Every structure is written in C-alpha cells, then in structure tokens.
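**Q** Supplied in structure tokens, the structure appears directly below.
The values are calculated or read from the model by the stated rules, or taken from the named source; none is laboratory data. Note that the structure is a prediction, hence the values are computed from the model and not measured. Here the Cβ positions follow ideal geometry from the backbone for every residue, glycine too, while neighbour counts run over all protein chains shown.
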Amino acid sequence: MAEPVREVVILGGGTAGWMTAAALSKALERSGTTITLVESEEIGTVGVGEATIPTIHWFNGLVGIDEARFMADTGATWKLGIEFRGWQGEGSAYFHPFGTYGSPGDGATFPHRLARAWLAGEEAPIEVFSLTTQLARARRFAKPVGDPRSLLSTLGYAFHFDAARYAAHLRGLAEARGVVRREGKVVSVEQDEASGHVRALVLEGGAQVAGDLFVDCSGFRGLLIEQTMHAGYEDWPRWLPCDAAWAAPSAAEAQVTPYTQATAQEAGWRWRIPLQHRVGNGYVFSTRFQDVDDARALLVGAMESPPIADPRLIRFTPGRRNRAWVGNVVAIGLASGFLEPLESTSIHLIQSGIGKLLSLFPRADMNPLLAEQYNRLSAREIEEIRDFVILHYHRTHGRNEPLWQHCQTMPIPETLAYKIDQFRASGRIMLAPDELFRDASWFAVLSGQGVRARDYNPLLDVMSESDNRAQLQAVRDAIKETVLKLSSV
C-alpha cells in the first residue's frame, strides 16, 4: 500500500482557496498531514460570487460554521430564490424559488396537478403555489422545519454574502486548525522528470514550497492545471455567448430584499444582490453584441443608487477544463472551469469539487483511477448545470435584440433538447438521481420561460377535475394563511 499524502499545497486564496483549506483542515486535522496555502496580496481575486444556493448549508456544516456568526462576519442576508425580470419581454417577471411547490411531500407530482389544471383552462399562476415565492414577494422569511407534515417543510433558503469576508472567515477557521499561509508569487514550478508530477512551487526570492498533492485555486489563470499540467479547455461560447461582466457596489437598501434579481438587458443580464452593508450590482454581457464602455454605462444608469466604488471589468470564457485532476494537481473553482452566475452556482461548484476530492482523496502514488472518476463526475455536473443556464437564454421570448435573436435560434445541446421535449410532450422532468437542480427548479424555469406541458401523468385521472381544482385551491389558501403569520425580514 502506498504512503499517505503528508503535504498538501493550495495555490491561491480567495473563496476557492480558503474553502478548500477550511474543509481539508477539518477532514485531515488528526492525520498529521500539513496544509500550506500560497497566495499573493498583489494578485487580486474575482470576488463577486455573493449569491449562493441551498447546498451551501452542507459546506458550512462540514467545516463547522456557526450560522449567526457567519452572517455577522460576512454581511450576509437571506436568499429565498431568484427573480428573473424581462426574460419574456419588458415588464415580465417570474421567480425561481429554493423550496418546492404545493403541499408537503407533493413536490414531484405537483407540476402534473398544475399542468392538468392549465390544460383544463384554469389561469392559476404558478407563484401562488410556492410558499417560498410568496414569502419572498412579501419580504418575509422562515426556515424550513423537519416535520414532513408541515407546510414549512417545503421552504428552502440560501444566503447573499460578501465573498471576500467569507474567505476571511474561513481563513480564521483554517489557520486555527493549523493551515499555514505563505505570502508570495510563484515564479516557477518544479516537476518530477519521470512522472511529471509537481514537486514544488518556487516563489520570488527562491523559497520553495514542496508537496505531495497540489490544489490549484489560482483562478482563470490555471497556473498549475493548465500552464503546468496542460489539461486543456473546452469552451462553450456557441451556447453561452456572454464573455464579460461589469461589477459595482451601491449603498445598502433600507429593507433588505430576500432574493437575487436577474434582469435581462440588451446584450446580457444584470444582477442585484442585497447584503447587509451594500448591494452588489453587475452586468453580464457579450462583447460580440455590445461595446464594453456602453455596457458600463448601461449598468451604472440602471442602478437604483450611484456606485460607491468604480465599476470593475471581468472577462471570462465559459467552459471547463478537459481534466480537472491531472497527476497530483486538482483544480478547484475558476481554475477548473467557469459558468456565469445566472443561477448562483459558482460557490456550489467550489464546494462540490472539494466534496469529490474528500471522497476520492488519494495516497501519495496518486492512483490515476481516482483522477479519472473525479474528472468524469466533474464534467457531468458542470454540463448539467450548463444546460440549465442555456435554457434561460434559448427559451426567451419578447426580446428582439441581436443577442436574444441569436440565442433563440442557436442549436442547443442534445441533453437539454431532450429535457425540453420530454416536458413539453408528457409533463415529465427527466433528471438523473444526482443532478443539482431538481423538479421544482426545472418546473419554475421551464414555466417561467414559456414552456408548457401538453400532457400530465394519467395516474392523476383517478381524481376528478373538480377535486384536482379543489386541492389546488386548498394549497393556495394554506400558503396565503401561512405567509400572514410569518415575520418580515
């Protein structure tokens, strides 16, 4: 049996680096393994990933975060979902909630109940059947409960937070468990001649940081995974044409909005993310369809209050590494790939990469079968999320700008076309068991983007049409009553 990994080196700080350090230090704290994180204050981080999805609870629990302290330290606010404005033309809006639809335990069947009512001529709006959505609209909040009989069990929530503050919070946890931070810029990388594995990072001044396992959190540069290990990159501009973003903060709002807003614009979409101490604003756009300076002016002009710092330009290429694990290098975060933050998945993909690394943690010989499995799982996950994001662009109606015309007519991945066709024909949402976004999410976005099912599960026909309508009305009434009892944000 090969020797265990004794030295882990993480290249890069920021959200990805300190999330990795916090998780590995927790998992390895009694193993005798040392963890060193190398970062340079001269190298900035992207740091605009301020919105999360409910999987963040798994990671925060894993590393031992106290929720109240975390929220205070990071300026966090509650997030119940995402409102999409203007994606079906000016004035339109729909909501992607983090909870399920309908009554407790009915999440998978409810889309069929509502589809049946719609096909019978009912005009019931989807939002009134989601307790999470109704709380968000009323600016109220409650946490889900464990009792499966309670309507509160249908709730879900995540957070908005300051990514830089989150990294600092995690740094405190990691360093308390023995993680050593080394300040310095990497000037070269030493590799083993026989295996090609990385042996050490060489810093300015000549100091070396040796290790058995290297985690690349160097962001878009991919200093180890790409520049050293030549993993290759598969880009997706044919499906996701946006390649840049302007980001700027503004003053905090008086009453915090408990959801993210994503507003369609001329050549992309704007985000609005409310924190305790400020509001995060940004505009994701395609430089093919809009000039960079014009995009900046659009963002600033659309903000509800003036920027409190100069807007910052971020350029990117959506896609993924062909291999996120090569030899003894594992890429986490932006070093492994990038999807625009339309569905707030950036931090999820960091923690998912960490979770897979923990499950497949190697010995010092770096069994290639572990890397092969990691790469297969990572590719499948980001491609499934990619398809969900593409759905928003492709199924847009009521917008005639060149970007949107392009997106409406572009060929889409077969995997996405299959899901749309199945839902439209039968009401079924065809998902793999481990896909990130589940039935409620797909139902929310498919319906919000104007895709209606032409059929429903015929097993519902054991109930009469009038009984189905009565059950829907009972759910609607229960949600309305519950919202009135819950407190404001």
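**Q** Just to be sure, is Ala16 without any contact (Cβ under 8 Å) to a residue 60 or more places away in the chain and outside the structural domain of Ser441 (by TED's automatic domain parsing)?
**A** no
**Q** Here is a check on your reading of the model: is Glu7 farther than 30 Å from His397 by Cβ and modelled with pLDDT of 95 or more?
**A** Taking the combined requirement at face value, the residue satisfies it.
**Q** Return the pairs, sorted by first residue and then second, in which the second residue is of a type in the set (Asp, Glu) and part of a strand (DSSP E or B), the first residue lies in region 255-283 and is in contact (Cβ under 8 Å) with a residue 40 or more places away in the chain and not assigned by TED's automatic domain parsing to the domain that holds Leu342, the beta carbons are less than 6 Å apart, and the residues are 6+ apart or on different chains.
**A** Tyr259/Glu83; Gln261/Glu83
**Q** Now a separate question. I'm told Ser188 meets every condition in (1) outside the structural domain of Thr36 (by TED's automatic domain parsing); (2) of a type outside the set (A, V, I, L, M); (3) in a strand (DSSP E or B) except one. Can you identify the failing condition by its number?
**A** Unmet for Ser188, out of (1) outside the structural domain of Thr36 (by TED's automatic domain parsing); (2) of a type outside the set (A, V, I, L, M); (3) in a strand (DSSP E or B): (1).
**Q** What's the total number of residues in region 248-271 that are more than 22 Å from His392 (Cα to Cα) and out of contact with any Pro (no Cβ under 7 Å at 6 or more places or on another chain)?
**A** Qualifying residue count for the region: 4.
**Q** I need every pair where a residue in region 291-317 that is closer than 18 Å to Val279 by Cα has its Cβ under 8 Å from the Cβ of a residue that is modelled with pLDDT of 95 or more and assigned to a helix (DSSP H, G or I), sequence separation at least 6 or different chains.
**A** From region 291-317, the pairs are Pro306/Val300; Pro307/Val300; Pro311/Arg296; Pro311/Leu299; Pro311/Val300; Leu313/Val292; Leu313/Arg296.
**Q** Of the residues Pro241, Pro274, only one is within 17 Å of the chain's Cα centre (by Cα), buried (at least 19 other Cβ atoms within 10 Å of the Cβ) and either among the aliphatic types (A, V, I, L, M) or within 28 Å of Gly398 (Cβ to Cβ) (or both); which?
**A** Of the residues listed, the single one that is within 17 Å of the chain's Cα centre (by Cα), buried (at least 19 other Cβ atoms within 10 Å of the Cβ) and either among the aliphatic types (A, V, I, L, M) or within 28 Å of Gly398 (Cβ to Cβ) (or both) is Pro274.
Quick grid of which residues meet (1) surrounded by 22 or more Cβ atoms within 10 Å (Cβ to Cβ); (2) charged (D, E, K, R); (3) within 29 Å of Thr74 (Cβ to Cβ):
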| residue | (1), (2), (3) |
| --- | --- |
| Leu131 | yes, no, yes |
| Phe141 | no, no, yes |
| Val145 | no, no, yes |
| Leu170 | yes, no, yes |
| Gly184 | no, no, yes |
| Ser188 | no, no, no |
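**Q** Continuing with this model, one more query. Name the helices (runs of 4 or more DSSP H) wholly within region 65-156 that hold at least 2 residues that are free of Cβ contacts under 8 Å to residues at least 24 places away in the same chain and under 25 Å from Thr52 (Cβ atoms)?
**A** 67-74
**Q** Residue under question is Val279, and the condition is that it be buried (at least 22 other Cβ atoms within 10 Å of the Cβ), more than 18 Å from the chain's Cα centre (by Cα) and β-branched (Val, Ile, Thr); does it hold?
**A** Yes; evaluated as a whole, the condition is true for this residue.
**Q** While we're here: Scanning region 335-356 for residues that are surrounded by 24 or more Cβ atoms within 10 Å (Cβ to Cβ) and more than 12 Å from the chain's Cα centre (by Cα), which turns out nearest to Arg272 (Cα to Cα)?
**A** Gly337
**Q** If you check Glu384 against the conditions, is it in a loop (DSSP other than H, G, I, E, B) and acidic (Asp, Glu)?
**A** no
Residue-wise test of (1) at negative phi; (2) at pLDDT below 95.
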| position | (1), (2) |
| --- | --- |
| Ser195 | yes, no |
| Leu203 | yes, no |
| Gln208 | yes, no |
| Gln227 | yes, no |
| Gly232 | no, no |
| Val256 | yes, yes |
| Ala264 | yes, no |
| Arg270 | yes, no |
| Ile273 | yes, no |
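**Q** So, one more: Residues in region 179-198: is at least one in contact with a Phe, Trp or Tyr (Cβ under 6 Å, 6 or more places away or on another chain) and more than 30 Å from Ile53 (Cα to Cα)?
**A** Yes: region 179-198 contains one or more residues that are in contact with a Phe, Trp or Tyr (Cβ under 6 Å, 6 or more places away or on another chain) and more than 30 Å from Ile53 (Cα to Cα).
**Q** Hey, another quick one. Considering only region 399-464, give the helices (runs of 4 or more DSSP H) lying wholly within it that have at least 3 residues that are over 22 Å from the mean Cα position of the chain (by Cα).
**A** 402-409, 414-426
**Q** Can you tell me which residues in region 251-264 are buried (at least 22 other Cβ atoms within 10 Å of the Cβ) and in contact with a Gly (Cβ under 8 Å, 6 or more places away or on another chain)?
**A** Tyr259, Thr260, Ala264
**Q** Looking for something within 21 Å of Phe316 (Cβ to Cβ) and modelled with pLDDT of 95 or more - is there at least one such residue anywhere in region 74-82?
**A** The answer is yes, given that some residue of region 74-82 is within 21 Å of Phe316 (Cβ to Cβ) and modelled with pLDDT of 95 or more.
**Q** Just one of the numbered conditions (1) more than 22 Å from Arg85 (Cα to Cα); (2) in contact with a Pro (Cβ under 9 Å, 6 or more places away or on another chain); (3) not charged (D, E, K, R) is not true of Ser286; which one?
**A** In the conditions (1) more than 22 Å from Arg85 (Cα to Cα); (2) in contact with a Pro (Cβ under 9 Å, 6 or more places away or on another chain); (3) not charged (D, E, K, R), Ser286 misses (1) alone.
**Q** Give the residues of region 402-429 that are surrounded by 14 or more Cβ atoms within 10 Å (Cβ to Cβ) and either in contact with a Lys or Arg (Cβ under 6 Å, 6 or more places away or on another chain) or of a type in the set (D, E, K, R) (or both), sorted by residue number.
**A** Matches in region 402-429: Lys419, Gln422, Arg424, Arg428.
**Q** May I pose another question? I'd like the residue in region 358-373 that is among the aliphatic types (A, V, I, L, M), surrounded by 15 or more Cβ atoms within 10 Å (Cβ to Cβ) and part of a helix (DSSP H, G or I) and, out of all such residues, is farthest from the chain's Cα centre (by Cα).
**A** Looking at residues that are among the aliphatic types (A, V, I, L, M), surrounded by 15 or more Cβ atoms within 10 Å (Cβ to Cβ) and part of a helix (DSSP H, G or I), I get Leu370.
**Q** Then there's this: List the number of the failed condition for Thr482; all other conditions in (1) farther than 30 Å from Cys407 by Cα; (2) polar (S, T, N, Q); (3) surrounded by fewer than 18 Cβ atoms within 10 Å (Cβ to Cβ) hold.
**A** (3)
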